[in-house]
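A short write-up of the structure that comes next.
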Amino acid sequence: MDYEKLVTVMRRLSLEAGDKIMEIYGQEDFDVKSKSDDSPVTAADEAADAIISEGLRAAFPDLTLITEEQAATHSTRADTFLIVDPLDGTKEFIHRRGDFTVNIALVENGTPTRGVVYAPAKSRMFFTRADGQSVEEKGELSKDAVGQLDAISVSEADNSALMVVASKSHRDQATDDYISKYNVRDMKSAGSSLKFCLVATGEADLYPRLGRTMEWDTAAGHAVLKGAGGEVVRFDDHTPLEYGKADFANPFFIAYAPAVDLRSA
């Protein structure tokens, strides 16, 4: 695998998709449709998906591509594959809250190894370099030249005072009950895969998710967190969260800085 080429292409496509998303975001109105599972989809999801999937297929024609917006790809199986959520946090997009992201990742043998998470409304870009180290890019985020890269790493969390991040749109009593098992200094809410990135940068220590997610929702954020020294494990038995599952559906999980002493479910 040419990781240098992969990272360059993923970064550029995420920026191109982000421009299209923000063009639609800036409109006074846009259509919102419902998919078969009643989740919302907008013109921005579809336009971003077209940009990313066309670019990835052109650059890596021999790699399997799984993308949320193309149901025909969901029956594909491979040990190594690209997986895309062109607009994670569609509800955040619809309600104009800004916490939505473009997500592209490479999965190898069940583990996300490279990924990019771009939050166009917040101008925050996180990705794994070719060597696997995660960085946040600062500056103007040009498509033609990579700007200042700051290596990121998880916190050395003090278990007596944790910062917890949880979902804006999917917070429930079960999540609050689990969080109550810890000594929490403060909590913040965030949408989409940004929650993984907040743990990756040390802005949060723990992100429990007790709700339905799909692999395309999590793979890029998982890769970024992994490249920053973090972990993502199943909620029930704390074994690593694996990818390439039959229906691409995730179990409940916990993303965290390894210094955190995880509590049992």
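The values are calculated or read from the model by the stated rules, or taken from the named source; none is laboratory data. Remember, it's a predicted structure, so these values are computed and weren't measured experimentally. FYI the Cβ positions are ideal-geometry reconstructions off the backbone, even for glycines, and counts take in every protein chain you see.
Which residue is nearest to Lys143 (Cα to Cα), if the candidates are limited to the range 55-109 and must be of a type in the set (Phe, Trp, Tyr) and in contact with a Ser or Thr (Cβ under 6 Å, 6 or more places away or on another chain)? Per the stated criteria, the residue is Phe100. Restricting the range 57-86 to residues that are touching a residue at least 24 places away in the same chain (Cβ under 8 Å) and of a type in the set (Ser, Thr, Tyr), the residue that is nearest to Asn103 (Cα to Cα) is Thr67.
The set of residues in the range 56-94 being farther than 27 Å from Tyr25 by Cβ, outside any strand (DSSP E or B) and of a type in the set (Phe, Trp, Tyr) consists of Phe60 alone. Every condition in (1) crowded, with 21+ Cβ neighbours inside 10 Å; (2) touching a strand residue (DSSP E or B) at 6+ places or on another chain (Cβ under 6 Å) is met by Pro120 except one, and the failing one is (2).
Taking the conditions (1) crowded, with 23+ Cβ neighbours inside 10 Å; (2) within 23 Å of Arg234 (Cα to Cα); (3) of a type outside the set (S, T, N, Q) in turn, Phe81 satisfies each one other than (1). Over 25 Å from Gly55 (Cβ atoms), among the aromatic types (Phe, Trp, Tyr), assigned to a loop (DSSP other than H, G, I, E, B) and not assigned by TED's automatic domain parsing to the domain that holds Ala43 - does that describe any residue in the range 169-180? There is no residue in the range 169-180 that is over 25 Å from Gly55 (Cβ atoms), among the aromatic types (Phe, Trp, Tyr), assigned to a loop (DSSP other than H, G, I, E, B) and not assigned by TED's automatic domain parsing to the domain that holds Ala43.
Considering every residue within the range 55-66, establish whether at least one is of a type outside the set (A, V, I, L, M), buried (at least 17 other Cβ atoms within 10 Å of the Cβ) and in contact with a helix residue (DSSP H, G or I) (Cβ under 8 Å, 6 or more places away or on another chain). The answer is yes, given that some residue of the range 55-66 is of a type outside the set (A, V, I, L, M), buried (at least 17 other Cβ atoms within 10 Å of the Cβ) and in contact with a helix residue (DSSP H, G or I) (Cβ under 8 Å, 6 or more places away or on another chain).
If you go through the range 83-121 and keep only what is basic (Lys, Arg) and either under 10 Å from the mean Cα position of the chain (by Cα) or at pLDDT 95 or above (or both), you end up with just Arg114. When only residues in the range 246-261 that are aliphatic (A, V, I, L, M) and not in a loop (DSSP other than H, G, I, E, B) count, which is surrounded by the fewest Cβ atoms within 10 Å (Cβ to Cβ)? Per the stated criteria, the residue is Ala249.
Taking Ala145, is it free of Cβ contacts under 8 Å to residues at least 60 places away in the same chain, out of contact with any strand residue (DSSP E or B) (no Cβ under 7 Å at 6 or more places or on another chain) and either in the same structural domain as Leu210 (by TED's automatic domain parsing) or surrounded by fewer than 22 Cβ atoms within 10 Å (Cβ to Cβ) (or both)? In short, yes. Among the residues of the range 199-209, some residue qualifies, meaning at least one is surrounded by fewer than 22 Cβ atoms within 10 Å (Cβ to Cβ) and under 23 Å from Arg12 (Cβ atoms). Restricting the range 205-217 to residues that are free of Cβ contacts under 8 Å to residues at least 60 places away in the same chain and not charged (D, E, K, R), the residue that is farthest from Met163 (Cα to Cα) is Thr213. Residues in the range 173-188 that are closer than 30 Å to Pro86 by Cβ and either touching a helix residue (DSSP H, G or I) at 6+ places or on another chain (Cβ under 9 Å) or crowded, with 18+ Cβ neighbours inside 10 Å (or both): Thr175, Met187, Lys188.
Within the range 231-251, residues that are in contact (Cβ under 8 Å) with a residue 60 or more places away in the chain sit with their Cβ atoms under 6 Å from residues that are not in a loop (DSSP other than H, G, I, E, B), at 6+ positions apart or across chains, in these pairs: Pro240/Val233; Tyr243/Val107; Tyr243/Glu215; Phe248/Met214; Phe248/Glu215.
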